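Can you read through this structure? Questions will come right after.
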């Protein structure tokens with residue numbers, strides 16, 4: 001009988017070797033799968049025992065000439081389906097793959113389903129039912145160009161789900177991949193040695209290690225699809241299970257798991273107990289940044305290190321990898337270290353020479369599994385784990401210190417809590433650094449094409465380290481935002497949010513900011529003085545805030561005594577944020593309105609009169625109200641024509657934008673009967689003086 005075992009990319013070779021040890025004959029190994037021959041009893045044993053497969057299917061038929069619907073129907077119709085289920089049972093079809101004529105996998109699945117139904121109608125005059133949720137038999141079709149194979153699902157629910165894991169931490173790995181990492185680490189060659197995971201999360205690696213060392217078949221508690229197929233003999237199946245139980249061993253294990261998150265460690269302990277290893281793994285709350293020796297005897301470190309699961313969390317990662325490199329050399333001489341991660345530049349921070357690298361897929365992520373041998377030669381090297389990549393990076397730190405000193409008196413006099421301390425002052429260090437109470441935000445600008453990407457990555461890592469040191473800010477309180485398209489679809493992807501909200505004071509106003517979960521924090525610092533102008537001039541005025549973002553200008557207008565405040569933005573998230581800012585300042589009145597709308601569409605049809613309007617449009621926008629996309633340079637006169645209709649006779653429009661080189665159309669303004677006064681120099685505060693193009697601003701009134 002022909003079978004196919006599925007797995008993750010990178011695990012295929014281990015799966016093939018495992019199948020051979022069970023006695024199966026390998027016929028083909030491809031990306032993500034291994035085909036093999038076995039009788040039914042051996043196939044059942046494999047389902048019970050495999051650690052590296054996620055699914056096993058039995059092949060029913062195969063053809064390399066399935067080019068269209070008719071050929072697919074013929075392939076399916078010619079199978080003797082009565083050998084696998086009857087007309088009184090239910091079935092489902094899942095189909096994967098397309099070709100030139102079979103372009104839709106759902107349609108192909110319907111073709112197979114129709115062929116099965118027609119087979120039973122012709123044979124019995126009765127058709128089986130289709131049940132997509134819990135069928136008696138699941139038929140699987142796989143198509144690649146004209147090659148098509150039809151299978152019966154033999155194993156059933158995903159084999160990697162062992163049953164012990166009901167909750168998991170961030171950046172989890174499937175159990176079959178965890179087993180592959182343990183196997184590749186080399187620890188199983190002598191499982192009496194200590195096995196230590198400094199970032200153990202929900203304990204998957206250690207639990208899989210315990211199961212492998214004790215030769216416990218992972219599927220002993222599972223129910224399989226083959227148990228519903230004709231010819232299944234329960235007595236024989238029980239004999240196989242008993243033989244597997246008899247083959248278990250009980251070596252003395254030394255398994256240690258640390259994690260900084262006490263809640264996740266509690267989950268790990270529960271998972272271990274469900275897996276039957278309660279008390280066999282030493283779990284402890286500990287910070288991997290402060291790693292110390294865990295055993296007098298050398299052993300293996302195996303860990304799935306944290307990686308970019310959060311938008312702003314890169315600084316924590318840089319700090320972690322730097323600290324781990326030093327700790328391994330100081331406290332783990334003669335140990336073997338095996339680490340899983342996604343970013344080659346982070347691995348470089350360890351300052352360790354790798355012995356071997358394996359490539360895997362962890363879900364959608366491309367990951368690297370690096371093996372290191374901490375022998376005397378490696379440990380004797382100068383410990384550079386906490387040094388910079390480039391000596392010239394000290395120039396960045398010196399400039400940051402100089403800027404901080406220059407802003408010190410202004411910050412103190414004006415009680416400023418959030419400000420810009422560095423903005424690409426040195427071209428090679430193309431970042432901006434904003435200071436918040438006990439926190440910092442680093443924005444990396446896209447490097448020029450002539451700058452090597454790896455060099456830019458190393459400079460950024462130096463910037464992260466030096467920013468934390470210079471500002472005396474904990475690395476976990478440094479948010480890093482990369483203002484460019486990331487390499488790969490998932491690098492630094494937001495997989496979870498931190499929801500770390502803090503409060504910032506500005507000229508008597510309070511604002512909620514979130515430094516980690518969004519590209520922007522909720523408060524544009526360069527508009528600080530524009531907001532103060534609004535507060536100073538809002539008394540008894542009807543105020544309108546367009547493209548309001550989180551409503552900070554609206555808060556200042558309300559605190560300044562505005563008669564009414566209307567806040568307009570397309571984003572419900574930002575409007576809710578604006579309402580929270582109003583609540584934070586104890587501002588509540590029916591005169592304060594929040595409207596969710598396309599600001600251009602809203603403005604085109606706006607009615608009423610406003611005495612003070614703040615208009616800070618984006619440089620570009622895909623609004624339906626403009627030709628193609630909105631362009632602030634091209635379309636600002638059209639904006640002003642709409643604003644003029646609602647600007648009171650003595651009213652003022654404070655217009656601002658961030659387009660570099662923006663030029664206001666003086667003739668267009670005159671044609672509308674408006675006049676403008678440039679006040680950019682009055683709205684750019686000392687912390688942004690180094691960047692004169694940070695924004696442009698004008699006061700516009702009726703001529």
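The values are calculated or read from the model by the stated rules, or taken from the named source; none is laboratory data. Computed from a predicted structure; not experimentally measured. Cβ coordinates were reconstructed from backbone atoms using ideal geometry, including for glycine residues, and neighbour counts include every protein chain displayed.
Is at least one residue of the stretch 129-138 modelled with pLDDT of 95 or more, buried (at least 19 other Cβ atoms within 10 Å of the Cβ), in contact with a strand residue (DSSP E or B) (Cβ under 9 Å, 6 or more places away or on another chain) and closer than 22 Å to residue 33 by Cα?
Yes, that holds for at least one residue.
Out of the residues in the stretch 82-95 that are modelled with pLDDT of 95 or more and touching a helix residue (DSSP H, G or I) at 6+ places or on another chain (Cβ under 8 Å), state the one that is nearest to residue 232 (Cα to Cα).
Only one residue fits best here, namely 91.
Checking the condition closer than 24 Å to residue 559 by Cα and not in a strand (DSSP E or B), which residue from 659, 601, 682, 692 passes?
Answer to the selection: 682.
Turning to a different aspect of this structure: Given 285, 302, which one is within 30 Å of residue 516 (Cα to Cα), surrounded by fewer than 19 Cβ atoms within 10 Å (Cβ to Cβ) and at pLDDT 95 or above? Break it down into steps so the answer makes sense when it comes.
Details: 302 fails: surrounded by fewer than 19 Cβ atoms within 10 Å (Cβ to Cβ).
Going through 285, 302 in turn, just one is within 30 Å of residue 516 (Cα to Cα), surrounded by fewer than 19 Cβ atoms within 10 Å (Cβ to Cβ) and at pLDDT 95 or above: 285.
Given 112, 93, 140, which one is outside any loop (DSSP other than H, G, I, E, B), within 29 Å of residue 219 (Cβ to Cβ), touching a residue at least 60 places away in the same chain (Cβ under 8 Å) and in the same structural domain as residue 15 (by TED's automatic domain parsing)? Give the derivation first.
Working: 112 fails: touching a residue at least 60 places away in the same chain (Cβ under 8 Å); 93 fails: touching a residue at least 60 places away in the same chain (Cβ under 8 Å).
Within the list 112, 93, 140, the selection yields 140.
Within the stretch 258-281, which residues are within 20 Å of residue 301 (Cα to Cα), touching a helix residue (DSSP H, G or I) at 6+ places or on another chain (Cβ under 8 Å) and not in a helix (DSSP H, G or I)?
258, 259, 260, 277, 280, 281
Residues are listed down the side, and each one gets a yes or a no for (1) over 33 Å from the mean Cα position of the chain (by Cα); (2) farther than 20 Å from residue 655 by Cα; (3) surrounded by fewer than 21 Cβ atoms within 10 Å (Cβ to Cβ); (4) touching a residue at least 12 places away in the same chain (Cβ under 8 Å):
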{"site": "555", "(1), (2), (3), (4)": "yes, no, no, yes"}
{"site": "571", "(1), (2), (3), (4)": "no, yes, yes, yes"}
{"site": "581", "(1), (2), (3), (4)": "no, yes, no, yes"}
{"site": "590", "(1), (2), (3), (4)": "yes, yes, yes, no"}
{"site": "596", "(1), (2), (3), (4)": "no, yes, yes, yes"}
{"site": "603", "(1), (2), (3), (4)": "yes, no, no, yes"}
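Something else about it: Taking the stretch 428-459, which residues are without any contact (Cβ under 8 Å) to a residue 40 or more places away in the chain, within 27 Å of residue 351 (Cα to Cα) and surrounded by fewer than 22 Cβ atoms within 10 Å (Cβ to Cβ)?
Passing the criteria: 428, 430, 445, 446, 447, 450, 451, 452, 453, 455, 456.
Which condition from (1) part of a loop (DSSP other than H, G, I, E, B); (2) closer than 30 Å to residue 22 by Cβ is the one that residue 292 breaks?
Failed condition: (2).
In the stretch 673-685, what residues are surrounded by fewer than 17 Cβ atoms within 10 Å (Cβ to Cβ), farther than 14 Å from residue 527 by Cβ and touching a residue at least 12 places away in the same chain (Cβ under 8 Å)? Steps first, answer last, please.
First, pick out the residues of the stretch 673-685 that are surrounded by fewer than 17 Cβ atoms within 10 Å (Cβ to Cβ): 673, 675, 677-678, 680-682.
With farther than 14 Å from residue 527 by Cβ added as a condition, the list becomes 673, 675, 677-678, 681.
Within the stretch 673-685, 673, 675, 677, 678 qualify.
What are the residue pairs meeting all of these: first residue in the stretch 402-418, first residue in contact (Cβ under 8 Å) with a residue 40 or more places away in the chain, second residue assigned to a helix (DSSP H, G or I) and surrounded by 15 or more Cβ atoms within 10 Å (Cβ to Cβ), Cβ atoms under 7 Å, and 6 or more apart or on different chains?
Taking only residues 6 or more apart or on different chains, the pairs are 407/686; 407/687; 410/686; 418/525.
Here's another thing I want to ask about it. Could we say that residue 548 is surrounded by 24 or more Cβ atoms within 10 Å (Cβ to Cβ) and not in a loop (DSSP other than H, G, I, E, B) here?
No, not satisfied.
Moving to a separate point now. Looking at the stretch 638-647, which of the residues that are in a helix (DSSP H, G or I) and either outside the structural domain of residue 545 (by TED's automatic domain parsing) or closer than 17 Å to residue 616 by Cβ (or both) is farthest from the chain's Cα centre (by Cα)?
646
Any residue in the stretch 72-89 that is within 35 Å of the chain's Cα centre (by Cα) and surrounded by fewer than 16 Cβ atoms within 10 Å (Cβ to Cβ)? First the steps, then the outcome.
First pass over the stretch 72-89, keeping only residues within 35 Å of the chain's Cα centre (by Cα): none.
No; the residues of the stretch 72-89 include none that is within 35 Å of the chain's Cα centre (by Cα) and surrounded by fewer than 16 Cβ atoms within 10 Å (Cβ to Cβ).
Can you tell me which residues in the stretch 464-489 are more than 21 Å from the chain's Cα centre (by Cα) and either surrounded by fewer than 22 Cβ atoms within 10 Å (Cβ to Cβ) or modelled with pLDDT under 95 (or both)?
From the stretch 464-489, those more than 21 Å from the chain's Cα centre (by Cα) are 465-474; that's our starting set.
Correct list: 465, 466, 468, 469, 470, 471, 472, 473, 474.
Something else about it: Go through 499, 536 for me and flag whichever is surrounded by fewer than 20 Cβ atoms within 10 Å (Cβ to Cβ) and at pLDDT below 95.
Numbers: 536 fails: at pLDDT below 95.
Going through 499, 536 in turn, the sole match is 499.
Checking residue 61 against (1) in contact with a helix residue (DSSP H, G or I) (Cβ under 8 Å, 6 or more places away or on another chain); (2) surrounded by fewer than 16 Cβ atoms within 10 Å (Cβ to Cβ); (3) within 24 Å of residue 221 (Cα to Cα): exactly one of these is not met. Which one?
If we test residue 61 against (1) in contact with a helix residue (DSSP H, G or I) (Cβ under 8 Å, 6 or more places away or on another chain); (2) surrounded by fewer than 16 Cβ atoms within 10 Å (Cβ to Cβ); (3) within 24 Å of residue 221 (Cα to Cα), just (3) comes out false.
Just checking, how many residues over the stretch 195-226 are in contact (Cβ under 8 Å) with a residue 40 or more places away in the chain and more than 17 Å from residue 259 (Cα to Cα)?
Taking the stretch 195-226 as the starting set, the residues that turn out to be in contact (Cβ under 8 Å) with a residue 40 or more places away in the chain are 195-213, 216-226.
Still in the list and also more than 17 Å from residue 259 (Cα to Cα): 208-213, 216-226.
Selection size over the stretch 195-226: 17.
Here is a further query. Within the stretch 320-340, can one find any residue that is on the phi > 0 side of the Ramachandran plot and either in contact with a strand residue (DSSP E or B) (Cβ under 8 Å, 6 or more places away or on another chain) or touching a residue at least 12 places away in the same chain (Cβ under 8 Å) (or both)?
As a first pass, look at the stretch 320-340 and keep what is on the phi > 0 side of the Ramachandran plot: 334.
Filter again for either in contact with a strand residue (DSSP E or B) (Cβ under 8 Å, 6 or more places away or on another chain) or touching a residue at least 12 places away in the same chain (Cβ under 8 Å) (or both), leaving 334.
Yes, because at least one residue in the stretch 320-340 is on the phi > 0 side of the Ramachandran plot and either in contact with a strand residue (DSSP E or B) (Cβ under 8 Å, 6 or more places away or on another chain) or touching a residue at least 12 places away in the same chain (Cβ under 8 Å) (or both).
Check 149, 217 and return the single one that is in a loop (DSSP other than H, G, I, E, B), at pLDDT 95 or above and either more than 32 Å from the chain's Cα centre (by Cα) or surrounded by fewer than 20 Cβ atoms within 10 Å (Cβ to Cβ) (or both). Give the derivation first.
Numbers: 149 fails: in a loop (DSSP other than H, G, I, E, B).
Of 149, 217, the one residue that is in a loop (DSSP other than H, G, I, E, B), at pLDDT 95 or above and either more than 32 Å from the chain's Cα centre (by Cα) or surrounded by fewer than 20 Cβ atoms within 10 Å (Cβ to Cβ) (or both) is 217.
Kindly provide the set of residues from the stretch 11-69 that are under 34 Å from the mean Cα position of the chain (by Cα), in a helix (DSSP H, G or I) and farther than 24 Å from residue 233 by Cα, ordered by number.
Listed by number, the residues that qualify are 12, 13, 14, 15, 16, 17, 18.
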